[in-house]
Structures are given as structure tokens and as C-alpha cells.
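The values are calculated or read from the model by the stated rules, or taken from the named source; none is laboratory data. Worth saying up front: this structure is predicted, and the values here are computed from it rather than measured. Ideal geometry is used to build each Cβ from the backbone, glycine not excepted, and the neighbour counts take in all protein chains shown.
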Amino acid sequence: MQRRLFIRQLAVAALAAGALGTAATAYAQTTLKFSHTDQPGGARQKAAELFAQKVEQYTQGRYKVQVFPAGQLANDPKAVEQLQLGGIDFTVTGTGTYATHIPTLNLTALPFLVESYPQGWKLYDESKWMQAQFAKGPEKGFRFLSPFEAGFRSMTTKDPLVTPADAKGKKLRSFPNEMMRWQLDAMGFNVQIMPLPEVYLAIQQGTVSGQENPIDTIYANKFYEVAPYVTLTQHVYSPIPMTISEKTWQKLSPADREAVQKAAKEASDWSRKEVSSNDDRLLAEMTAKGAKVSRPNLGPWRDAVKPVTAQAKEKYGADVDAILGDAEAVRKALPAK
């Protein structure tokens, strides 16, 4: 009798220990914060959700990534600052935002560097100059993981834009980036800086007469509703690299670093395929909802921004020749169709 009682007590103890072990495992899960400024319906959010799913899968549940879209935690510049402080763990934004901390990244926004998605991917993946700039991230408090796709930047305005002459005096929203300001100024716009979540209302109220962004961002934020003239200038190729706080990275085990990097690569690949294949569909949907899409003769727009290269060389010197050389090599290797 005593032996049976003892065995029963052991079984109960084992079950209790198992339950405690399960609870401890669940409790040990670490939640990481991913902040971005795009709307929930955009490709940026979908790629972030895929990344979150893959991180949890590849770390066997040790890490869970919680995604905060639409600037819930911070606008783009503040998100990068929060990365440095360790207040958030991941963000995804344009290279121009990171340029506040790595100034040479301003040069990725030089106008008309590439003409197609394959050219852009090759530039970001293989340019030695580009990789050298990304390698500066950890000493600034963040680490580049992979470039999510956003696409080529174009205009949405309340009035038609055919040539830069139509831009004269128009207030156009952009983000805080030196190179973007230089080229939009050269086109004739009066540049207004404001956070992305504020732009729709600003156009609606007449604070600005339009904005410039890639097609997916235009569609997700419904800018075509208040600025129906969508002019496909495609003046800047604008992917959005995802980064991790260096403080967070240093806390990860080698296996979890590998898992996060793998998840980032898969989310990046999905993002590139999704955005590049959807431009025509999104433009058709916007047209059906009243947008007036046009493809202008790019010659006058290219001519308008020619002084920007000389302006950049005055400040950045040999770095300008380096990125222009890499971009030219990419264009020759993969001629645009």
C-alpha cells in the first residue's frame, strides 16, 4: 500500500513539475517591438507580420515580435532614435531616415540612379559602396538586416503635373532628408516636411498640395483620394531597410541571431516580389476610384535635377563617384526593358 502511494505521489510530482516547466517556458518568451509608419493594409505591414511569424517559428517560441504600424510608437526619425536607446527592437524605413546618423546614405536618394526593380535589387545587394555604408550601423546603435521593398517614388498632387514648370510654387510634402529636399527644390517645389501619418489631412486641408512616395505607400494611405493626379516620375528608387537595435542584437544568442537574420531575408524576398508585382494592379484600382495616372516624359525632370549631382559632390566628394559608378555598372549589367 505504502509503495503504491509513494508511486502515485511521484507521478503527481512529475505532472506538477511538467506543468511548472511549461509555464516557465511560456513566461520566458520575450516580446520584441517592431515599429513602422505605414498603414495596416500596406505591404510593409504584411512583410513585418511575416517576419514576426518567422522569428517566433525559428526561435521555437523564445521570441515573439509585436508589430506597431501607422506610427503608433514613433514617427520614422524617432523610431531610429528609439532603436539606438533600445526602446524598440526593429523598424523599417527609408535609407534617407538613417542618413541622419550615417550621412553618406543620403546619396542613395540621388535622382534616377536605377530604372527597374532588378537593377535596384542588384545595387542594394551587391554594391560594395552600399555594403560599406550599412556596415557603419552597429557603431550608431542599429544593425541593418535586410531591405524591404517600397518601390519608386512618384508624385500625387491636387493639380496635373506634366513638366517641372507645373511644380513651381507648389507645396509638396516630403520626409526630412537633405537629398530629397535638394532635388524637389530643383524641380521647383516648395518642400514641406511632415510625418507620414499627418499627410492625408494636410492635403485635404490645403496645407500642402501633394506628396511624393512609392505606389504601395500612396495606395495604402489613400493619398489619391485627396491628391488624385498620380504622376509616375519614379525619381528615386526607395527600398526601406529593416534594422534591429544593436542593444537587442547583443542580447541574442548566436542561434537566435541566425534565426532573426533568416526571418529578415525571407520577409525581404516576399516584400520584393509582392511590391514589384503589384504596381500595375494598384494603379488600376486607384484609377477605378478616380485617380488620374500619367507617365510623363522624364527628360525635363531629369534635366531639372542635374545640378543635384554637382551639389552632392561638393559635400560628399568621392562617395558620389563611388555610388554613381556602382549604379552605372548595374544599369549596364541589367538593361531596363
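Of the residues Gly151, Gly137, the single one that is crowded, with 20+ Cβ neighbours inside 10 Å and within 15 Å of the chain's Cα centre (by Cα) is Gly151. Residues that are more than 18 Å from the chain's Cα centre (by Cα) and more than 28 Å from Thr156 (Cα to Cα) do occur in the stretch 298-313, at least one of them. Entry remark, the stretch 60-97: residues being of a type in the set (Ser, Thr, Tyr) and assigned to a loop (DSSP other than H, G, I, E, B) number 1 in total. For the stretch 174-198, the candidate set comprises residues that are in a loop (DSSP other than H, G, I, E, B) and touching a residue at least 60 places away in the same chain (Cβ under 8 Å); within that set, the residue that is farthest from Ala304 (Cα to Cα) is Pro195. Only a single item in (1) out of contact with any Asp or Glu (no Cβ under 6 Å at 6 or more places or on another chain); (2) at pLDDT below 95 is not met by Ala336, and it is number (1).
Here's the yes/no breakdown for (1) within 28 Å of Glu56 (Cβ to Cβ); (2) touching a helix residue (DSSP H, G or I) at 6+ places or on another chain (Cβ under 6 Å); (3) aromatic (Phe, Trp, Tyr):
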| residue | (1), (2), (3) |
| --- | --- |
| Pro214 | no, no, no |
| Phe223 | no, no, yes |
| Lys247 | yes, no, no |
| Glu258 | yes, no, no |
| Arg295 | no, no, no |
| Ala304 | no, yes, no |
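Highlighted here are the helices (runs of 4 or more DSSP H) found entirely within the stretch 253-337 that include at least 3 residues which are touching a Leu at 6+ places or on another chain (Cβ under 9 Å) and not acidic (Asp, Glu): 254-288, 306-316, 318-333. The residue that is nearest to Val293 (Cα to Cα), counting only those in the stretch 199-216 that are at pLDDT 95 or above and assigned to a helix (DSSP H, G or I), is Ile215. For the stretch 217-249, name all the residues that are crowded, with 24+ Cβ neighbours inside 10 Å and assigned to a helix (DSSP H, G or I). If the condition is that a residue be crowded, with 24+ Cβ neighbours inside 10 Å and assigned to a helix (DSSP H, G or I), then Thr217, Ile218, Tyr219, Phe223 are the ones that fit.
So for the stretch 57-70 (the condition being of a type in the set (Gly, Ala, Ser) and buried (at least 23 other Cβ atoms within 10 Å of the Cβ)), does at least one residue qualify? No, the stretch 57-70 contains no residue that is of a type in the set (Gly, Ala, Ser) and buried (at least 23 other Cβ atoms within 10 Å of the Cβ). Is it the case, given these coordinates, that Gln131 is buried (at least 18 other Cβ atoms within 10 Å of the Cβ), within 24 Å of Arg331 (Cβ to Cβ) and at pLDDT 95 or above? Taking the combined requirement at face value, the residue does not satisfy it.
For Thr100, the conditions (1) outside any helix (DSSP H, G or I); (2) farther than 20 Å from Met194 by Cα are fulfilled apart from (2). If you check Gly290, Gly299, Gly317 for being touching a residue at least 24 places away in the same chain (Cβ under 8 Å) and surrounded by fewer than 13 Cβ atoms within 10 Å (Cβ to Cβ), only one passes: Gly290.
Within the stretch 72-86, being of a type outside the set (A, V, I, L, M, F, W, C) and either in contact with a strand residue (DSSP E or B) (Cβ under 8 Å, 6 or more places away or on another chain) or crowded, with 22+ Cβ neighbours inside 10 Å (or both) holds for Gln72, Asp76, Gln82, Gln84, Gly86.
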